[in-house]
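The values are calculated or read from the model by the stated rules, or taken from the named source; none is laboratory data. Just so we're clear, the structure is a prediction, and the values are computed from it rather than from any experiment. Backbone-built Cβ (ideal geometry, glycine too); neighbour counts: all protein chains shown.
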Amino acid sequence: MLVLLHRQVSGIFAGRGLRPRPFSSPQIFCNSYTTLNGGLMSSNSQQHLEPIFSLIEPVIEASGHHLYDIRHNGGTLAVLVQSENALGVDELSLLSRTVAVVLDEHDPIPGRYTLEVSTPGVERRLHHVDHFIGAIGEIVSIRTTPGMNGRRRIVGTLTSADDGLLTIEDSGSGLVSIPIDEIEKARTVFEWGPTPKPGKKEPKTKHEGGSHK
């Protein structure tokens, strides 16, 4: 049974008993729902994510959007949605209700959890092959698994992603190839534009006193 327990807090909706989260403008949050199925869900359980992805992806795609990722952490099931057009709170709220209906009907996760539908934000986590393909041409930050030769952290422009291998153009080392299965963590990097420098003050014109003849 899906119980809708939500209240608006600082631009997002939080389930009852949850600590309100501050609103972050680059990442838009919408309704959170709490499900009660009479049990507890392990916070580190990820085994149900693939079936859930298959369940809700058609719903997201039918709405004209793209299901970027789903995450389960600490009793929260986060659904990340992308779109060619900007997604506002109203659109995400409608999507969250639609996804909640599907999850309530199929009940793929036992226990109590919170559903949160949002956008991935300006810095996206990368951990699927299609994530890396979609990030080609962008600046990415890669951290490799312990034991890999060379630097563990590489930041540069992702130039290709195929055959399980990433190629990154690093300003210091040139082209660097990294096997995807040796990546511990990866994300896109958003670069803010330079802060405009304060304009110089106009020099004051000196006027000499005195009478003109």
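Tell me which residues, restricted to the stretch 111-129, are under 20 Å from the mean Cα position of the chain (by Cα) and in a loop (DSSP other than H, G, I, E, B).
So the first thing to find is which residues in the stretch 111-129 are under 20 Å from the mean Cα position of the chain (by Cα), and the list is 113-129.
T119, P120, G121, V122, E123, R124, L126, H127, H128, listed by residue number.
Only one residue in D181, D170, D163 is without any contact (Cβ under 8 Å) to a residue 12 or more places away in the chain, surrounded by fewer than 17 Cβ atoms within 10 Å (Cβ to Cβ) and of a type in the set (D, E, K, R), so which one is that?
D163
How do the pairs read when you match residues in the stretch 62-85 that are assigned by TED's automatic domain parsing to the domain that holds E50 with residues anywhere that are part of a strand (DSSP E or B) and among the small types (G, A, S), using Cβ under 6 Å and keeping only pairs 6 or more apart or on different chains?
R71/A78
Any residue in the stretch 102-110 that is more than 12 Å from the chain's Cα centre (by Cα), on the phi < 0 side of the Ramachandran plot, at pLDDT 90 or above and part of a loop (DSSP other than H, G, I, E, B)?
The answer is no; no qualifying residue exists.
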